[in-house]
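First the structure, in the form of C-alpha cells, and then the observations on it.
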Amino acid sequence: SQKIEQNSEALNIQEGKTATLTCNYTNYSPAYLQWYRQDPGRGPVFLLLIRENEKEKRKERLKVTFDTTLKQSLFHITASQPADSATYLCALSPGRTGGGNKLTFGTGTQLKVEL
Amino acid sequence: SQTIHQWPATLVQPVGSPLSLECTVEGTSNPNLYWYRQAAGRGLQLLFYSVGIGQISSEVPQNLSASRPQDRQFILSSKKLLLSDSGFYLCACNKGGNYGYTFGSGTRLTVV
C-alpha cells in the first residue's frame, strides 16, 4: 500500500538557521507533490506544489526538492523565524483529472523555531 | 481565490445521535470537493470526494455518508454517531492536479 513517511519527531532549530524537513514515499508514482503548513486547531494551508518532472521549486524563503528516483522530497525554510513554528505536511497526488485528484497526506513534522 | 466556509467550529454529540456538517465554497465553480478526518496526532484521512453535483466517492467504509446537493455545497452526515467518529473534520476544494487544496477551518467533533 502507499506510504508517506515524515519524521514524527519534532524538529527544533534556532532562529535564523535553515530548517530541512524530509518526506519519503513508497509504492507511489505521484504526478505532484505538495507541502502544507498546519497550525494547531486550524486547517492546512497550501505552500508549494512541485511536479514530477521538476527538481526544485522556490517561493520566498521556501525551497522544495523532488527526487523521483530516491522517492523523496526535501522542504527547506531559510532564515527561519519563530512564526514559522507549525506542523508541515507532505502530500502526494496522482494528478489524473478523472480520478478526483485525491491527495494522500503524510502525518507531518512539527517544527519549532526558538529565539 | 477560493474560500471555504465550514461550520460549526466545535460540536459535542452523544453516541447514537445524528450528524450533519456543512461546507460551502466561494470564489470558484465546479470544484473537486473533499472531506478529511484528522484524529489526534494522526494524519489526514480522506473520507469522501466529489467531482460534481450528486457524484460521491467513498474512500473508507464507515458510519458516515456525504452528499453534494449543489455545486458548491458539500455535506457530511451520519444517522447514528459512534465514539470512534470523534475527530477533526476538514472540508477542502481543488480545481485540478496543478493546484493546491484550499481547506476550511475545520470542525472539532467529540462524541460522548
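So the values come out like this:
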{"quantity": "Above-threshold pairs, the threshold being 18 Å between Cα atoms, out of A:3/B:95; A:17/A:63; A:71/A:112", "calculated": "A:3/B:95; A:71/A:112"}
{"quantity": "Residue list for the stretch B:37-61, given a label point 7 angstrom along the Cα-to-Cβ vector of residue A:59 and an amide N cut-off under 20 Å", "calculated": "B:44"}
{"quantity": "Dipole magnitude (debye, nearest 20) for chain A, charges at Cβ of Lys, Arg, Asp, Glu", "calculated": "320"}
{"quantity": "For chain B, built as a Gaussian network whose Cα springs stay under 10 Å, the top-fluctuating residue of B:98, B:63, B:32", "calculated": "B:98"}
{"quantity": "Peptide A:39-46 - average C-beta neighbours from other chains (10 Å radius)", "calculated": "6"}
{"quantity": "Shielding of A:103-111 by partner chains, average beta-carbon count, 10 Å", "calculated": "4"}
{"quantity": "Average beta carbon contacts from partner chains per residue of B:85-91, 10 Å cutoff", "calculated": "1"}
{"quantity": "Nitroxide proxy distance, nm - points 7 Å out along Cα→Cβ at residue A:78 and residue B:17", "calculated": "5.2"}
{"quantity": "Förster radius 30 Å - calculated FRET efficiency between residue B:59 and residue A:115 (Cβ-Cβ, nearest 0.05)", "calculated": "0.10"}
{"quantity": "Chain A shape via C-alpha gyration tensor axes, a/c threshold 1.5", "calculated": "prolate"}
{"quantity": "Residue exposure sequence - B:85, A:67, B:71 - by fewest surrounding Cβ within 10 Å", "calculated": "A:67, B:71, B:85"}
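Every number in this text was worked out from the coordinates using simple rules, so none of it is lab data. Values in this document were obtained by computation on a predicted structure and should not be read as measured data. Here Cβ is always computed from backbone atoms with ideal geometry, including for glycine, and neighbour counts include all displayed protein chains.
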